[in-house]
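Notes follow once the structure below has been shown.
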């Protein structure tokens, strides 16, 4: 073994030792970040390169919200079908308390879905904009507007039928009250009135009072329902205005993105034309330079020939 081999081995040993020392002296936070990057979730430490998973996470969240809005629109459309069936029962022989309870529950569920979908659509507009997303949001907004219009129509039909029933109930109540007043006026006892007749009259009056009280309760209930439906229609009008503003903003955003694409395309085409023109000028300059040098060479050759002949 030569001296050089020993020295190389010693140098290798020192290098290995230095490597071990460097590994031992590696700061703990760097070891943690290294291990964290290899096995843990992406959290963007300040001393390492940015994570590439954020775009994927943003896209996943966006897609989940789009799917949620689509499901909400689908459920609203299904509720509208149920409401149309229930509203057709109003004022007819199948107009029962159970039907009205179901009508109220489905209406409230639809209103809650509409409020949630409105907030979610606004959340979609706050996502990172792109032409594809803008087009997707515009389609969702228009689909949502359609089911809102259908829900508003069935609500107006419901109000119309409720008012018809309310008018009939008020007329019936007025007739019963008039009949009860007549019975009371004729209820005085005289010599020809028997106890049995008076008892029957009192029973009739009590029955009329019960019917009047029942109809008055129905009238109050229907008036509350009509008031709630009209309030819901007012809220729908406000949502329509908000959606109209969102759709207009989406249209302008799409036009802006399309305009930017056209500008980039035009600028690229203009730059390509300028490069082509510059290349053409450069080629012409080279040709002119070659011609110039060729003329000089010819002139020099002629002069050299003249000088040689003159000698």
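Taken together, the values in this text are just the output of simple stated rules run on the coordinates, not laboratory data. Remember, it's a predicted structure, so these values are computed and weren't measured experimentally. Neighbour counts run over all protein chains shown; Cβ positions are idealised from the backbone, glycine included.
Below are the figures for this structure:
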{"read-out": "Residues residue 74 and residue 175, FRET efficiency given R0 of 51 Å [Cβ-Cβ distance, rounded to 0.05]", "value": "0.60"}
{"read-out": "Relative contact order of segment 82-157, pairs being alpha-carbon contacts under 8 Å that are 6 or more residues apart, as %", "value": "36"}
{"read-out": "Label-point gap, in nm, between residue 301 and residue 84 - each point 7 angstrom along Cα→Cβ", "value": "9.5"}
{"read-out": "Extended-chain gain in nm, criterion 0.36 nm per residue less alpha-carbon gap, residue 199 and residue 135", "value": "15.3 nm"}
{"read-out": "Spin-label pair residue 128/residue 238, simplified geometry with 7 Å Cα→Cβ offset, distance in nm", "value": "3.5"}
